[in-house]
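Scroll down for the structure; my scribbles are underneath it.
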Amino acid sequence: MSGDNLIINDENQIIYGQIKEILTVARAKAYSAVNFAMVEAYWLIGKQIVEAQAGSERAEYGTRLLKYLSEQLMRDFGKGFEERELRKIRQFYLTFPIRDALSPELSWTHYRLVLRVTETKARNFYMDECIKSNWSTRQLERQINTHFYERLLSSQDKEAVAAEIQKTESPPDPKDFIRNPVVLEFLGVTPSSNLYEKDLETAVINHLQEFLLEMGRGFSFIARQKRISFDGKDFYIDLVFYHYILKCFVLIDLKMGDLTHQDLGQIQMYVNYYTREMMNEGDNPPIGVILCTDKNEAVVRYTLPKDNDQIFASEYTFYLPTEQELKNEIYAAIGEKRIFRKSGKGDEKMI
């Protein structure tokens, strides 16, 4: 092939790449516009239903109205307008009564999912995170199902979390970004005596997107089994991330058993190495996180200095915690000892 043909081919590829980008952006904008148009349409439908029902003093009229509307809409527009869906649309309007407050970044499916969240602060938190982190509906659903907001509350100061919903503190505190517990049910791993740390690491890498979502906003993957060498010896860090909000490296060590003081000493060595050898200009000091099955608070307290702000230990679990377990963790975190148990009738009792 001649030089002229090579130049032409290169130019063609550049032009194609530019056109492809134009179409991709245009399609994304069109898709977003269509989604938001449907959000506004459902809001208007909900408004019509609420106002019609409010104009009648008869409760049975509201029920008959939904049944009639459902039959007519399904006849003219197909599935998707069952009575239960119309109730959801009505709930949507009542939950978000100000039309101008609707977010064009969120689709109708996003709104349907956040309607499951009854607590206003939690619902606003999920919506804000959807917009900031560009969560898909699948990602949003998982965060709600794994009680992300409640676990965030249980691992931080309650007032600080409420403030963080509105804005990120400057400078941010690393403690606010370390989750405990970390729920790894998406790995599909069954705990057993045959499970090794390398198997856990491989499962995390194979499900890296879900793992990053579980760890929270700001994590960017750098390396696995990162080798560092000194004095003729090699050491390997299980996972290395960079946190673009904290502006620092995050080193993660995976442990299958209980936490030991040797584990804390090892991660401290990794952090010291990165502090002295790997930090770039503008970076904050790195932090180290040990993910273990059982975090011994006494071991952590007596191994690390009182002013420690670089080494953290978090427990991980392969199953979703129950609602009672989450509530107990939250109250323990804010200094209130409340234990919830199910009574024989299925309701909750505090003991």
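Summary of computed values
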quantity: Members of LYS29/LYS67; LYS226/LYS295; LYS132/LYS247; LYS233/LYS306; LYS47/LYS121; LYS132/LYS306 lying beyond 28 Å, as alpha-carbon distances in this model show; calculated: LYS29/LYS67; LYS233/LYS306; LYS132/LYS306
quantity: Sites matching GluC sites (Glu not before Pro) across the range 97-137 that sit in DSSP coil, with at most 16 neighbouring C-beta atoms within 10 Å; calculated: GLU105, GLU119
quantity: Where GluC sites (Glu not before Pro) fall in DSSP loop in the range 53-104, at most 16 other Cβ within 10 Å; calculated: GLU57, GLU82
quantity: Ordering of 73-79, 216-222, 294-300, 43-49 by packing [mean C-beta count within 10 Å, highest first]; calculated: 43-49, 216-222, 294-300, 73-79
quantity: SER103 accessible area, assembled protein chains, probe 1.4 Å, Å²; calculated: 20 Å²
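The values are calculated or read from the model by the stated rules, or taken from the named source; none is laboratory data. Here the structure is a predicted model, which means the values were calculated and not measured. FYI the Cβ positions are ideal-geometry reconstructions off the backbone, even for glycines, and counts take in every protein chain you see. The area values use the complete protein model at the heavy-atom level, side chains included, leaving out ligands, DNA and RNA. Shrake-Rupley method; radii C 1.70, N 1.55, O 1.52, S 1.80 Å.
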